[in-house]
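The values are calculated or read from the model by the stated rules, or taken from the named source; none is laboratory data. Computed from a prediction, not measured in an experiment: that's the story for all the values here. Positions of Cβ are backbone-derived with ideal geometry, glycine not excepted, and every protein chain shown enters the neighbour counts. What goes into the accessible areas is simple: the full protein's heavy atoms, side chains included, and nothing from ligands, DNA or RNA. Shrake-Rupley method; radii C 1.70, N 1.55, O 1.52, S 1.80 Å.
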Amino acid sequence: MRDTATTALIVDDDEAICHMLAPVFSREGFNVVTAGDGKEGLEAFRRHHPTIVLLDIRMPRMNGLEALKAIIEIDPKATVILMTAFAEVGTAVQAMRDGAFDYVIKPFDLDEIRLLVRRALEINTMRADIVSLRRELSERYGSEGILTDNARMIELRDTINKVARSQATVLVHGESGTGKELVAAAIHYGSPRSEGPFVRVNCAAIPEGLLESEFFGHEKGAFTGAVSRRRGRFEQAEHGTLFLDEIGEMPRELQVKLLRVLQEREFERVGGESTIRTDVRVVVATNRDLEAMVREGTFRQDLFFRLNVVSLKTIPLRERPEDIQLLANHFLERFCAENTVTIRGFDDAAMECLLAYSWPGNVRELANAVERAVIMCTTPVILVENLPESVAQGRAPLTDPMTMPGADDIRPLREMVGRFEAHIIEMALAQNDGNRARTALQLGISRRALQYKLQDYSIS
Ligand SMILES: Nc1ncnc2c1ncn2[C@@H]1O[C@H](COP(=O)(O)OP(=O)(O)OP(=O)(O)O)[C@@H](O)[C@H]1O
Ligand SMILES: [Mg+2]
C-alpha cells in the first residue's frame, strides 16, 4: 500500500490487545512493534520512529499520559492514538490537548481503529503536502520569481530581500501590470512569516458597505445578513502578511480604522465588544499617486506617512526593454506547457514587434499577448500575424495623444503629460455625456480639481 514499510507501535499491558491489533496493522502494510508498558513503549518509539502509536492509558511503570508527553517532546508531530476505558474519557480528552491525535474507547471494534488510522495517515500526508507546497510557493514567488535583466529591477529585488526580513509596512507603487502583486508576494515569501498565510484583499472590488466587515470580521447579528460570526481578513492573515491591493480606493472612514490597526495592532469585529490583538504584516499597493491624493484630500496624510515607511517602485516595461525578450520567452514556455504545445520561439519580425511596442499594460499585457499568440500559432515559431494587432503594428492600442512619444518627440514634461491628461478628460466627459460630477467621480478627482483642469486645457 505504501512505498516503504512504515512502523506502527502498539503499547498495552494487555497482551490480548496487542495480539488483536497487530494483524490489522500488518494488513495495512505496517511493520508492527509492541510494548507492554509506557517505559518500554518510549524506548521502542526512540528506536523505531513509528508513523503511528497506539497507546493504552492505564499501564504499570509509566502510564500512557506520561509516555504521550515524552513522545511529543521527542517528536511534536508524532501521531498518537490513545486507548482508554470509558471511565477515563475525561483524561483522554485532556490528553488531546497534550498532543494526542485522537482516542478510542475500549472495547472498540477493529473497523473503528482502521478508520482512525487511515484518517491519521491522510492528515500526515496533507501536512507533508502543505510543507512542500509552501516551499514550492516560496521558490516560485520569492524574489527569484521576479525575472529581470534590468539593473534597476535587480536593485529592487535586492531591496525586497532586505525589506522582507523586517516587519516594516511596505508601499508598492507603479503602473498597472508592472508586477506589484509579485513584489508583495516576494516580500511575504522571503520573510520569516513565509510559513504563515499570504492574504490578498482588493480594496476596489469590495462594496463600500462591506469593507469594514471584510477587514475586521463581524459578530453574529451585527447587521442584517450577518447570520453568523465571521473572521475578517486581519484574523485570516494572523502570523502572515495582509496585502491590500489598490489601497487608493479605500474610503476615508476605513482609512482611519486601518491607521488605528497599524498603530495599535488591535481592532474589534463589527458589532463586537472585545478587542483583538493582531500580528499581521501589511503590504499595500497602488497605481495611483497617493501624494496627489493626499493634496486633494481624498487620502489621509497620517495613513500615507504610516504606509510609506518603506516604499518600492516597480518599473514600467518600456523603461526596461531588455526584459521584453526575457519575459516573452518565459511566458512562451509557460503557456506552451499549459496548452501542451511545442513552439520553438518567436521569428525575428515578431520579436522586433514585441521590442518596438510600448506596452502600456506592461508585463500583464505582454503575458496576454504571448498567451494569445500561443493559441493562434500553427507554425513552429510565433509569427507577426499571431500577435495582437496593436503589437503587430508597433503602436499602443490607444489614439494618438496616448501613444508613448518616441525619442524624437520629447517635449517639456508638463506639455506632454498635459496633452495626455486633456485627452483622458475629454474621453471621460464624452463617456459621461458632459456630466462633470460623474466625470470627476470616474476620474477619482474632486469636482473642483476637474474644473481647474478644464480651464487649464481650455476644454469646454
Ligand atoms: N518580472 C516578472 N517576472 C515574471 N513575471 C512577472 C514579472 N512581472 C510581472 N509578472 C507577471 O505579470 C503579471 C502581472 O503582474 P502583477 O499582477 O504583479 O502586476 P500588478 O502591478 O499588480 O498589476 P495591477 O496594477 O494591474 O494589479 C502577473 O502574472 C505576474 O506574475
Ligand atoms: Mg495587482
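Here the label points at E238 and E112, each 7 Å from Cα along the C-beta direction, are separated by 3.2 nm in the simple model. The fraction of accessible area contributed by carbon and sulfur in the chain is 50 percent, rounded to a whole number (1.4 Å probe; ligands and nucleic acids excluded). Once the Cα atoms are used to define both axes, helix 15-27 deviates from the longest principal axis of the chain by about 40 degrees. Under a model in which nothing but the beta-carbon of Lys, Arg (+1) and Asp, Glu (-1) is charged, the range 317-392 shows a dipole of about 160 debye around its Cα centre. Rolled with a 1.4 Å probe across the full set of protein chains, the surface gives M416 an accessible area near 30 Å².
Here K69 is the anchor, and the aspartates and glutamates within straight C-alpha reach of less than 12 Å, apart from those fewer than 8 places off in the same chain, are D98. Angle of helix 447-456 to the longest C-alpha principal axis of the chain, folded into 0 to 90 degrees and rounded to 10: 40°. For the set K257/K453; K220/K257; K162/K257; K257/K313; K39/K77, the pairs lying more than 23 angstrom apart at their alpha carbons are K257/K453; K162/K257; K257/K313. Between V227 and V417, the FRET efficiency estimated from the beta carbon spacing at R0 = 60 angstrom works out to 0.75. To the nearest 10, the accessible area of I17 is 20 Å² with a 1.4 Å probe. Heavy atoms of the protein chains alone define the surface here; on that basis the range 142-313 has 46 Å² accessible area per residue at 1.4 Å probe size. Angle of helix 362-376 to the longest C-alpha principal axis of the chain, folded into 0 to 90 degrees and rounded to 10: 80°.
Accessible area per residue was computed with a 1.4 Å probe on protein heavy atoms; H19 scores about 130 Å².
Accessible area ranking (1.4 Å probe, heavy atoms, ligands and nucleic acids excluded), largest first, for D14, D245, D111: D111, D14, D245.
Remark: the range 9-76 carries 50 Å² of accessible area per residue (probe radius 1.4 Å; ligands, DNA and RNA excluded).
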